């Protein structure tokens, strides 16, 4: 199964969002797109061309965009708000908490350019705290797909999910390896490869790195189970427990702060129901900086090598 996972091509996950919202708009006439002056960056041009009456340019006024979106839901619309992840969360957290989450409004907060791989724009535009911020809001679903195809599928699927959703994706071209036209089930983890010695859990861009690490471990006779946690909330606790009960240890990998992210969600489940050795691959309580995506991932310890070494440590701890 592991050897069958191959790169189909390299595409931007934000491009998957652009194709996904176009298809969601074709399927459901209530889907509306809003942007805070970033239509091009969020790949909305095709949607705007086909559905100009269902597009709202809010300008550089992100808080207002969230308020407009919340209002649109009262009339039965399904608004997708779009801007960079930093501006989708940190800049408008009060509006999201009060007007969307507290009121259980059916708003889809779609956040591009997340994590370190925003790259050269640097720390002021990168956001590494957003998963934690959003998962703590009651009723907020948090979705972090791993590649172009899955981002497209997730964008389509969230239109049918009633309730607020935070959809997080990235800027750079990245390995695209999941099936085209796949079914996306919110809240259901994706087992990419079964294994018996170590569980590798990852989300977003780090899923491909986990696959690479598993292949390297396999060369040494170590059987790694690779699970794509594309939905961090609601978390598929059943899949997590089934895996760690079998392997006895785990690694979590995410393009996010160690505090508040995927790793802490997994650790919470394990500590309550089945404690096992757990190594974290994440940004260690620091802001980012300017650099190419790969330079930053290497500097901050988010590489295939980091996952591989963490897996070896976790395995050693269970003996």
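Each value in this text was obtained by applying a stated rule to the coordinates, not by laboratory testing. If you're wondering where the values come from, they're calculated on a predicted model, not measured in any experiment. Every residue, glycine as well, gets a Cβ built from its backbone with ideal geometry; the counts of neighbours run over all protein chains shown.
Quick look at the values:
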quantity: Average Cα contact separation per residue, the range 190-317, under 8 Å, 6 or more apart, as relative contact order %; calculated: 29 percent
quantity: Helical contribution to [θ] at 222 nm, DSSP H n ≥ 4, -39,500 (n - 2.57), averaged over the chain, rounded to 500; calculated: -10500 deg cm²/dmol
quantity: Residue order, fewest to most surrounding Cβ atoms within 10 angstrom, among 317, 272; calculated: 272, 317
quantity: Inter-centroid distance (Cα atoms) of the range 1-70 relative to the range 123-176, Å; calculated: 12 Å
quantity: Length-normalised contact order of the range 119-251 in % [C-alpha pairs under 8 Å, at least 6 apart]; calculated: 28 percent
quantity: Tilt relative to the chain, helix 304-317 - C-alpha long axis, 0 to 90 degrees, to 10; calculated: 50 degrees
quantity: Potential lengthening between residue 161 and residue 180 on full extension [0.36 nm per residue; Cα-Cα distance subtracted]; calculated: 4.7 nm
quantity: Simple label model, 7 Å out from Cα along Cβ direction - residue 136 to residue 317, nm; calculated: 2.4 nm
quantity: Per-pair calculated FRET efficiency, R0 = 51 Å: residue 271 and residue 28 via Cβ, rounded to 0.05; calculated: 0.80
quantity: For 80, 300, order by how many other beta-carbon atoms lie within 10 Å, fewest first; calculated: 300, 80
quantity: With Cα atoms, 0 to 90° folded angle of helix 13-27 axis to the chain main axis; calculated: 50 degrees
quantity: Calculated SAXS-style log₁₀ I(q)/I(0) at q = 0.12, 0.23 Å⁻¹ - the range 190-317, Debye, Cα scatterers; calculated: -0.39, -1.43
quantity: Rounded tilt (10° steps) of 62-74 against the dominant C-alpha axis of the chain; calculated: 80 degrees
quantity: Anisotropy class of the range 7-176 from Cα gyration tensor, a/c 1.5 cut; calculated: rounded
quantity: All-pairs alpha carbon distance profile, the chain, 10 Å steps from 0, percent; calculated: 6, 29, 36, 21, 7, 1, 0
quantity: Distance histogram for the range 140-234 (every C-alpha pair counted, 5 angstrom bins, percent rounded to whole numbers); calculated: 3, 14, 24, 23, 17, 11, 6, 2, 1, 0
quantity: Inter-label distance for residue 292 and residue 53, nm, one decimal - labels placed 7 Å from Cα along Cα-to-Cβ; calculated: 4.8 nm
quantity: Rounded to 5, the percent of DSSP beta bridges in the range 190-317 classed as antiparallel; calculated: 20 percent
